[in-house]
Amino acid sequence: MQRMAYSNPAPAQSPPLHHPVPQHVSTVPQLRSPPPPAQQQPQASYGYPQQASQGAPGAGYMQPGFGFINDPTAQMGFQVGKNAVMAGHDYMERNFDRYVNVSALKHYFNVSNSYVANKLYIVLFPWRHRPWSRQQRISNNGQDGLFLPPREDINSPDMYIPLMAFVTYILVSTILAGLRGAFHPELLGVIATTAFAIVIFEILGLKLGCYILSISNESQLLDLVAYSGYKFVGIIVTIVISEIINKGGGTGGWAGWIVFAYTFLANAFFLLRSLKYVLLPDTSPNSNSSTSYTIARSQRTRRSQFLFFYSYIVQLIFMWILSRQEGTGPSKSVA
């Protein structure tokens, strides 16, 4: 069987092939391992981290840190706040010193452990203590100077014992009331307010009496504040011993009255001897004290009566109120 012949003969040669030519040239990035991190030298202050080079990713992003401290706005705010604090501190110092002599107040807290122990013994057992006069530091010109601080003079009044006794009285009173089941939330405020009001009223009465009797002293007010707080030592002893003897019965009964009578007489005798050198200064012609001056006989008699009235009558009323204050409060309800 023969193949049929085509009418169109085959071309002498085939046309050339044309491969497509890319219009956009693209380069394949070469993959390389990242270089090791460069060791940075420690800087003395906190701030913004060094900015990356241009074109690097994240070059404009602020790294987290403490850069806000070097921010000018933050520095201005810190400076304004510091100036405001310093101005407030200076204002408080100027106005506080106007009403309270801080240097004189520090004198009353210059105490030692031996002074506190001996002073507590004198307050509770003043019967055999001698002498009661305060000591003064001799100045360069041979005249008397300022009184010695409590650390150096056992007869010098202090504010450490009265302040601690005041706080201890409030705490002990509320604790004993709680042990008896008579504690209520208002009791702490009632006891503290009553004790503080009695101290303020007592100081105002003393100042009024000193004004009427023409008694003047540079440190008179602070001395009176200190002496008015020693009564709390006897009151604490009264309520604690009475509570132990009466087995939770408070300060009532014969035991409570006996302890109260002793602490009251001890405190009255202590004040009578101590305040004598404030209200009745030494008028002996041989005395070199700068506070010595002549007092008329009638004036001295009135001062002695005022001293006796304050030491015995006033203290009896106030100590009785404070010693009974710890037993106030509603009784425990029965379910």
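The values are calculated or read from the model by the stated rules, or taken from the named source; none is laboratory data. If you're wondering where the values come from, they're calculated on a predicted model, not measured in any experiment. Only protein heavy atoms, including side chains, enter the accessible area calculation; ligands, DNA and RNA are left aside. Shrake-Rupley method; radii C 1.70, N 1.55, O 1.52, S 1.80 Å.
Within the same chain, lysines fewer than 8 places from Lys247 are excluded, and of the rest, those with a Cα less than 22 Å from its Cα are Lys332.
In the context of the full set of protein chains, residues of the range 116-255 present 52 Å² of accessible surface per residue (probe radius 1.4 Å, heavy atoms only). Derived value for the range 108-188: Kirkwood hydrodynamic radius 15.3 Å. Basis is the mean of 1/r over every pair of different alpha-carbon atoms.
Using a 1.4 angstrom probe on heavy atoms only, work out the carbon and sulfur share of the accessible area of the range 112-260 in %.
On the way: 5180 of 7730 Å².
Of all accessible area on the range 112-260, carbon and sulfur atoms account for 67 percent.
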